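Here's the structure we're looking at; comments come further down.
The values are calculated or read from the model by the stated rules, or taken from the named source; none is laboratory data. Please read all numbers here as calculations on a predicted model, not as lab measurements. Backbone-built Cβ (ideal geometry, glycine too); neighbour counts: all protein chains shown. Heads up: the accessible areas ignore ligands, DNA and RNA and are worked out on the full protein's heavy atoms, side chains in. Shrake-Rupley method; radii C 1.70, N 1.55, O 1.52, S 1.80 Å.
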Amino acid sequence: MSQITQPLVLSATDLLSALADAGFRHLAGVPCSCLAAVHEELGRDARFVYVPTPNEGSALAMAVGFQLAGNEAALLIQNSGFGNLLDPLTSLAMISRVPVLTIMSMRGWAAGDDAEPQHEVMGRGTVPMLDALGLPHHVLPATADRLRAVFAAARRTLAAGQPTFLLVPPDAIASCATPPAATGAAFGRGPAVRALVDLFPGALFISTTGFISRELYAHSDRPENFYLEGAMGHAASVAAGVALSSPDRRVVVVDGDGSALMHLGVLSLIGHLGLPNLVHVILDNGRYESTGGQATTAAGTAFATVATGCGYRAALTVSSEKELRDARAALSGAGPTLVHVRITPHSPAPGPRVAATIRPPEVARRFADAVRG
Ligand SMILES: Cc1ncc(C[n+]2csc(CCOP(=O)(O)OP(=O)(O)O)c2C)c(N)n1
């Protein structure tokens, strides 16, 4: 059973070869920066079918579908997504005895990582939860030979009907992907965030996890900003709660396409509530840029059409800074309103993490004061 010991480094190709040899050719998941090299290799490896799913629960359900149709399936996720996984894990895979292999990066597992407080609780809770559920788990070993032995052991527990986990300590897989160079001329995350701040002076801003929160923080930190460090996909729900409770305040939620897709049902909730003071922004780069630039499924999704179909009063798509700034009139009417902002997939890296200087309880406290005051 798992315990964290030595620093481990395995190549992404070793992991993929072992997976392929063990018969796992159908993969699904949500990326983690610790698995970026694996995703990059996967893009070049014709042996696999990889499906980027909106959240980890749908990855598991899809993998169950793969298994039912006769294909051995595995997940690639990070342990913050273990929460999304739990319901289909316990009430589908386990009770149906359709076992799936989950390769899970273990953020926050080792020592406390002060820079990333969002991983702290799940980091120490994942293994106890796996144990509480009686689920077998192994640590990714450092050599390809030992990996094959681990796969052999995993095969046995999977054959016995038990979902089995392969735990990947942070930095256990060599060479994360290098993001491509930013193109200076393109309309990216920075200009988009700056335009939004100009368009909505005095508004309450709620931003999604990853680079988008870091960009907003770097450009204009203020108590009226609430940055989600984790809870990917839930920024719009937080914003809906604030907007419903504070009808006199304009509330702007800045989502990413990956984040919005993770719990897209919240668009129906916002449309249903008809929140006149809510502006929902989706910065759509077609990528999970924060974790290395893996493609989302947003390319075929017309977010503005989805929003109006869900009852938003207005929705538009813009593709340049000028179009975004010119949308002021359209955005100043009663909401809920959605702005789908198409941006380049390669924005310059944002500044440091918010938690490097302001801890989450302080972000929450000063935001609450700003809302109530
Ligand atoms: C439940 C969960 N799964 C995965 C992650 C890892 N993660 C952090 S940020 C991020 C990408 C967010 O993508 P998007 O909203 O499109 O914004 P972008 O990074 O492109 O700015 C991911 C996958 C997470 N934090 N939580």
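Answer yes or no as to whether ALA154 is surrounded by 22 or more Cβ atoms within 10 Å (Cβ to Cβ), among the small types (Gly, Ala, Ser) and part of a helix (DSSP H, G or I). Here the answer is yes, as ALA154 does meet what is asked.
Among the listed residues ALA315, ALA304, ALA330, ALA334, which satisfies the condition of being in contact with a Pro (Cβ under 7 Å, 6 or more places away or on another chain) and either open to solvent by 40 Å² or more (accessible area, probe 1.4 Å) or away from the ligand (no atom under 16 Å from the Cβ) (or both)?
ALA334
Yes/no per residue for (1) in contact with a helix residue (DSSP H, G or I) (Cβ under 7 Å, 6 or more places away or on another chain); (2) aromatic (Phe, Trp, Tyr); (3) away from the ligand (no atom under 16 Å from the Cβ):
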site: ALA12; (1), (2), (3): yes, no, yes
site: HIS26; (1), (2), (3): yes, no, yes
site: VAL38; (1), (2), (3): yes, no, no
site: GLU41; (1), (2), (3): yes, no, yes
site: ARG47; (1), (2), (3): yes, no, yes
site: SER58; (1), (2), (3): no, no, no
site: ALA61; (1), (2), (3): yes, no, no
site: LEU92; (1), (2), (3): yes, no, yes
site: ILE95; (1), (2), (3): no, no, yes
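Meeting the requirement of 2 or more residues that are of a type in the set (Asp, Glu), the helices (runs of 4 or more DSSP H) wholly within the stretch 300-373 are 321-326, 360-372. Being among the hydrophobic types (A, V, I, L, M, F, W, C) and within 13 Å of the ligand (Cβ to nearest atom) is a description that applies to ALA299. In the set GLY265, GLY311, GLY300, GLY274, only one residue is out of contact with any helix residue (DSSP H, G or I) (no Cβ under 9 Å at 6 or more places or on another chain) and on the phi > 0 side of the Ramachandran plot; that residue is GLY274. Under the condition of being of a type in the set (Lys, Arg) and surrounded by 17 or more Cβ atoms within 10 Å (Cβ to Cβ), the residues counted in the stretch 343-365 number 1. Counting the residues of the stretch 120-138 that are aliphatic (A, V, I, L, M), more than 23 Å from the chain's Cα centre (by Cα) and open to solvent by less than 50 Å² (accessible area, probe 1.4 Å) gives 1.
If you go through the stretch 272-296 and keep only what is away from the ligand (no atom under 16 Å from the Cβ) and open to solvent by less than 10 Å² (accessible area, probe 1.4 Å), you end up with LEU275, LEU278, VAL279.
Test ARG365 against the criterion of being within 12 Å of the ligand (Cβ to nearest atom) and either among the polar types (S, T, N, Q) or at pLDDT 95 or above (or both), and give yes or no. In short, no. One residue alone among GLY123, GLY108 is on the phi > 0 side of the Ramachandran plot and not in a strand (DSSP E or B), and that residue is GLY108. In the stretch 204-227, the qualifying residues are those that are open to solvent by less than 10 Å² (accessible area, probe 1.4 Å) and aliphatic (A, V, I, L, M), and the one that is farthest from GLY274 (Cα to Cα) is LEU216. Here the stretch 228-255 is the region considered, the condition is being open to solvent by less than 10 Å² (accessible area, probe 1.4 Å) and under 21 Å from GLY188 (Cβ atoms), and the residue that is nearest to the ligand (Cβ to nearest atom) is ASP255.
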